[in-house]
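Quick notes on the structure that follows.
The values are calculated or read from the model by the stated rules, or taken from the named source; none is laboratory data. Here the structure is a predicted model, which is why all the values come from computation and not from measurement. Note that we place each Cβ from the backbone using ideal geometry, even for glycine, and neighbour counts take in every protein chain shown.
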Amino acid sequence: MLLHSLLAISTPSAPLSHYYTPFELAHALRATIIFVQPKFLPLVQMAAKDVGFPDDHIYIFEGKIEGRRNFGEMSREEFHTETCCSTGRK
C-alpha cells in the first residue's frame, strides 16, 4: 500500500533490502524520510546516525513503537486533513 500511495502522488521511492549491512545502508540513505519494519529500526537508526540522517524522519510501516508514527496513522491523519478540513468539517 505504501509503494502504491507513493506512486499515486508521484513521489520518488527506493525499496531497500533488509539484508543491507549498516555500511551499505549508510550509502543508500539519500532519502528525505524512511519507512522501516519495526524489527529493522535499530539497524536503520545506526546507519542514519552514521550519515547524519535525522532520527525524526524515520517512521515504521506498522505496529506500535513509543515515539514513532506508523504509516497507517500518517495516512489516516492526512486523509482526515484533506477530507474534513478542506470542507470545513471537523
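The residues on offer are Phe40, Phe53, and the sole one that is aromatic (Phe, Trp, Tyr), assigned to a helix (DSSP H, G or I) and modelled with pLDDT of 70 or more is Phe40. With respect to Lys64, is the statement that it is over 15 Å from Ser17 (Cα atoms), loosely packed, with under 14 Cβ neighbours inside 10 Å and of a type in the set (D, E, K, R) true? Spelling it out, Lys64 is indeed over 15 Å from Ser17 (Cα atoms), loosely packed, with under 14 Cβ neighbours inside 10 Å and of a type in the set (D, E, K, R).
Among the residues of the range 16-32, is there at least one that is at pLDDT 70 or above and touching a Pro at 6+ places or on another chain (Cβ under 6 Å)? No, the range 16-32 contains no residue that is at pLDDT 70 or above and touching a Pro at 6+ places or on another chain (Cβ under 6 Å).
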